[in-house]
Structures are given as C-alpha cells and as structure tokens.
Ligand SMILES: NC(=O)c1ccc[n+]([C@@H]2O[C@H](COP(=O)([O-])OP(=O)(O)OC[C@H]3O[C@@H](n4cnc5c(N)ncnc54)[C@H](OP(=O)(O)O)[C@@H]3O)[C@@H](O)[C@H]2O)c1
C-alpha cells in the first residue's frame, strides 16, 4: 500500500479506526480480531484507538485491550503504529472532559499498561477542555514526550489557533491533528490546510460520516455514487480516495467492525481519481 508520514514514521495511507469494535452495536471478539487482521492483511499499518472506547457495560480501555490482543496474534502486529488518546472520560456512559495535566499523565500510564508497551507511538489529547488552559493540557504531552512515555504527540478536535499553539509548544513533536472531516462535515478544511502548511499529519475522523451513516454515503451524495460506479468500487472507497487527494498529510482512519469493510477501505490508497472526478466530488 502507498505510505504517508506521521512524524518520523511511515504508515499506510489509510489507517483503521477501531472505535466501532468497542462501542454499542459492536461485534463479538472473534469478528473484531478478524477485522483488525483483515486490515493488516490489506497493508494497514496505522490503528487509532482511545481509552474512552467501550460500551457502558464494561470498563475503560476495552478498545485498547482489543487492539493489543489482535496485534499480538498477527505476524505483522509489531509493524503497526498505534495511536491512542486521553482526555475524554465516560461517567455513566456520557462523554465528559478532563484535560488537566495530572489526569492526562495518569490516563497515559493506564494506556501504556493496557497496550503492553513501554512507549506509546502516538498519544493524542482527545478534546480541548474549556476548564483547563489548552497550553496546560499540551504541556502534559510535552512532559510525556520528555519522559519517554510517548514517542509522538497529537491533538484532536482542535481549531487553527489551538493547532498553532500546540505547534509552538511541541515543535516537530506535534505529529498529528485528528479532526472530524467527511462529505457531510467539511468545516475542518481550514485545519486540514493549516496542517498541510505546517507539515503535520491530518487524520480525518468519521471520514465516512460516522458509524450510523457510513452505509448511506452513496445514496446521500450522488457524485460519490457516480464516480464509484465508473470505477466499479464502493462510494466509501471513493470518499477516502477523495480526501487522500486533498493533501499529502491526510491519513483517514475509517472505522470498521467487519473484515470486508476494513479491506475495502484500505484499497482506497490505490484508487487514482482524475482531476475532473475530484472537482465533481468537491462540488457535492
Ligand atoms: N477524535 C475523535 O474525537 C473521534 C471521534 C469519533 C471517531 N474517531 C475515530 O475515527 C474513527 C472513524 O470514525 P467512525 O468509526 O466514527 O466513523 P466512520 O469511519 O465514518 O464510519 C464507520 C463505519 O463505516 C463503515 N465502513 C467502513 N468502511 C466501509 C466501506 N468500505 N464500505 C461500507 N461501509 C464501510 C463501517 O461499517 P461496519 O461496522 O459494517 O464495518 C463502520 O461502522 C473511529 O473508529 C475512531 O477511531 C475519533
């Protein structure tokens, strides 16, 4: 598969978002492991998880533990860059925030244990916490880098000002920005462009519109269905190829809970789209 860079690391141009394998509606463990293995077999070398991906009935870290188990049972598991996140808490299943440096350091220690590693490849601050100065949360990432707990740092759900602020604090150790971006959600184009300018990887989350809407992408956006038909591929694959064409820093992380969808999305890295097709998709 074509590769791209996250910081100093070459990764597959398309990653895998592991969230659908841990939240409500998730598959059983054997199908989840088969899904991760199918992604690896298709050449994926980048997986995104978070401590907060779990269903209400179980505990923090379900997804990290699942990813760790799946990678341990695949020949190429050690070649994968695993990105996790801290800063979201899930009291009573709700989504809450804690961006305090003390909490982030504690969350990182817990993620290290669950992933079974001495250093996390890419650790991302999940979402700015209005109760904590953003520079303080990013300062915790700097301390974790200095302590060797994490190799690269990322931020998520950040606006251009926050990206510049984190870039000032972390320099080239700010390797990635993970924001929502899809045909249905294009308002993070300024962040994508800023990442391209600064040479920071941009990781579109929910690139297919999210777990509950991804299947309807073709019926919701006719140009994606038209281009897909012309190439004999899925509209979801076209969508990922479209965002890959936006800038060399883009590395989408489509979620999957089935081996077929994981493999289908991975193939987007090899789908060339023509300038007129890209223009048609851009105009959707
Ligand atoms: N930083 C943040 O705040 C944040 C927020 C949300 C998500 N994320 C990350 O972003 C990742 C992706 O987002 P997401 O999972 O919410 O949404 P998504 O990637 O837009 O959609 C996921 C759904 O797309 C379906 N799908 C994937 N490839 C497909 C294909 N080729 N053809 C047809 N259907 C396909 C999957 O169906 P099946 O289930 O049937 O396989 C899956 O349930 C997450 O897994 C997570 O790692 C981050």
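The values are calculated or read from the model by the stated rules, or taken from the named source; none is laboratory data. Quantities reported herein were computed from a predicted structural model and do not represent experimental measurements. Cβ coordinates were reconstructed from backbone atoms using ideal geometry, including for glycine residues, and neighbour counts include every protein chain displayed.
Within the stretch 132-156, restricting attention to residues that are within 16 Å of the ligand (Cβ to nearest atom), in contact with a helix residue (DSSP H, G or I) (Cβ under 6 Å, 6 or more places away or on another chain) and assigned to a strand (DSSP E or B), the residue that is nearest to residue 207 (Cα to Cα) is 155.
Condition check ((1) assigned to a loop (DSSP other than H, G, I, E, B); (2) within 14 Å of the ligand (Cβ to nearest atom); (3) surrounded by fewer than 19 Cβ atoms within 10 Å (Cβ to Cβ); (4) without any contact (Cβ under 8 Å) to a residue 60 or more places away in the chain) across all residues:
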site: 38; (1), (2), (3), (4): no, yes, no, no
site: 53; (1), (2), (3), (4): yes, yes, no, yes
site: 64; (1), (2), (3), (4): no, yes, no, yes
site: 71; (1), (2), (3), (4): no, no, no, yes
site: 74; (1), (2), (3), (4): yes, no, yes, yes
site: 99; (1), (2), (3), (4): yes, yes, no, yes
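Contact annotation: residue pairs with Cβ atoms under 7 Å, 6 or more positions apart or on different chains, pairing a residue in the stretch 21-33 that is without any contact (Cβ under 8 Å) to a residue 60 or more places away in the chain with a partner that is surrounded by fewer than 18 Cβ atoms within 10 Å (Cβ to Cβ), are 22/55; 24/55; 33/69; 33/73.
Summed over the stretch 184-219, the residues that are surrounded by fewer than 21 Cβ atoms within 10 Å (Cβ to Cβ), touching a residue at least 60 places away in the same chain (Cβ under 8 Å) and over 21 Å from residue 21 (Cβ atoms) give a count of 0. So for the stretch 78-86 (the condition being in contact with a helix residue (DSSP H, G or I) (Cβ under 9 Å, 6 or more places away or on another chain), within 30 Å of residue 38 (Cβ to Cβ), free of Cβ contacts under 8 Å to residues at least 60 places away in the same chain and in a helix (DSSP H, G or I)), does at least one residue qualify? Within the stretch 78-86, one or more residues are in contact with a helix residue (DSSP H, G or I) (Cβ under 9 Å, 6 or more places away or on another chain), within 30 Å of residue 38 (Cβ to Cβ), free of Cβ contacts under 8 Å to residues at least 60 places away in the same chain and in a helix (DSSP H, G or I).
Among the residues that make up the stretch 157-179, is at least one of them surrounded by fewer than 18 Cβ atoms within 10 Å (Cβ to Cβ) and within 16 Å of the ligand (Cβ to nearest atom)? Yes, the stretch 157-179 contains at least one residue that is surrounded by fewer than 18 Cβ atoms within 10 Å (Cβ to Cβ) and within 16 Å of the ligand (Cβ to nearest atom). Screening residue 50 on (1) touching a strand residue (DSSP E or B) at 6+ places or on another chain (Cβ under 9 Å); (2) under 21 Å from residue 263 (Cβ atoms) shows it passes everything except condition (2).
Here 222, 256 are screened, and the one residue that is in contact (Cβ under 8 Å) with a residue 60 or more places away in the chain, over 27 Å from residue 164 (Cα atoms) and more than 9 Å from the ligand (Cβ to nearest atom) is 222.
From the list 183, 235, 204, the lone residue that is within 14 Å of the ligand (Cβ to nearest atom), in contact with a helix residue (DSSP H, G or I) (Cβ under 9 Å, 6 or more places away or on another chain) and within 23 Å of residue 123 (Cβ to Cβ) is 204. Return the total of residues in the stretch 103-123 being touching a residue at least 24 places away in the same chain (Cβ under 8 Å) and part of a helix (DSSP H, G or I). Going through the stretch 103-123 one residue at a time, the tally reaches 10. With the structure loaded, tell me whether residue 34 is assigned to a helix (DSSP H, G or I) and buried (at least 19 other Cβ atoms within 10 Å of the Cβ) or whether it fails that test. Judged against the criteria, residue 34 is not a match. Whether any residue in the stretch 41-50 is in a helix (DSSP H, G or I) and either under 17 Å from the mean Cα position of the chain (by Cα) or farther than 15 Å from residue 112 by Cα (or both) is what I want to check. Yes, because at least one residue in the stretch 41-50 is in a helix (DSSP H, G or I) and either under 17 Å from the mean Cα position of the chain (by Cα) or farther than 15 Å from residue 112 by Cα (or both). Within the stretch 1-31, the set of residues being at pLDDT below 95, over 18 Å from the mean Cα position of the chain (by Cα) and more than 9 Å from the ligand (Cβ to nearest atom) comprises just one member, 24. Regarding the stretch 244-252, can at least one residue be identified that is under 16 Å from the mean Cα position of the chain (by Cα), surrounded by 17 or more Cβ atoms within 10 Å (Cβ to Cβ), in contact (Cβ under 8 Å) with a residue 40 or more places away in the chain and within 12 Å of the ligand (Cβ to nearest atom)? Yes, there is a match, as at least one residue in the stretch 244-252 is under 16 Å from the mean Cα position of the chain (by Cα), surrounded by 17 or more Cβ atoms within 10 Å (Cβ to Cβ), in contact (Cβ under 8 Å) with a residue 40 or more places away in the chain and within 12 Å of the ligand (Cβ to nearest atom).
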